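The next block holds one structure in the form of structure tokens; read it before the comments.
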């Protein structure tokens, strides 16, 4: 922290990787909040081996949770030195997550992964029973985010995860034989385009602050992706009365399943 009588500039050095989810924006927001300055006064140096070391992986919904606790710890150290008159005031903090625990065999209680969260998802779809083609008209996704640090980025993660899940649930038919991919070209592996994805996605942020998370935040990155295929299968059953036990639900697979339950048709 730099300045004379007041904090004029905060420089955050952090190794956490940005992989498209907006983590670096959130890091600056958390540094501003922890040091009590406007966001415009926070600069950041990311993933520089000369200054930041190794943060561990940007995975498992852990990054905001881990990084935020590290930023809180470093800010507290720097503020103590600032109040003692040090200029610039430097704080350095390494956050170590709490251990996880197995389920108690008697009570079923445990402390699972430290960023464990919950999600509920509803899918509204239409299916053409003559072609087997499915259109997902609406998705409502409610995510246990603890406290939303940046709601716009959470919405982006939800929408991105649902598009990704839409591909594995409906079109990405991975063919493997003898541990080798048998697709002759990527054009045979159908990743959804803008015309294929759900027409409407609604994000519901369930905010019950996590006492161990920074400002109550929890990890949420994978959550919207996990229940999507199950929700689509359940909605398809509601529409047709037929349960499907294999994904992706390609038109040919859906049509074959419908015909097997209506042999006269």
Discussion item. On the basis of being at pLDDT below 90, out of contact with any strand residue (DSSP E or B) (no Cβ under 7 Å at 6 or more places or on another chain), part of a loop (DSSP other than H, G, I, E, B) and more than 30 Å from residue 192 (Cα to Cα), does residue 105 make the cut?
Written reply: no
Fill in: Top-ranked residue of segment 16-38 - restricted to ones that are under 19 Å from the mean Cα position of the chain (by Cα) and not in a helix (DSSP H, G or I), ranked as surrounded by the fewest Cβ atoms within 10 Å (Cβ to Cβ)
20
Worksheet item: Picking from 240, 203, which residue would you name as being farther than 13 Å from residue 136 by Cα and crowded, with 19+ Cβ neighbours inside 10 Å?
Response: 203
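The values are calculated or read from the model by the stated rules, or taken from the named source; none is laboratory data. Bear in mind the structure is a predicted one, so any value in this text is a computation, not a measurement. With ideal geometry, Cβ positions are generated from the backbone for all residues, glycine too; neighbour counts draw on all protein chains shown.
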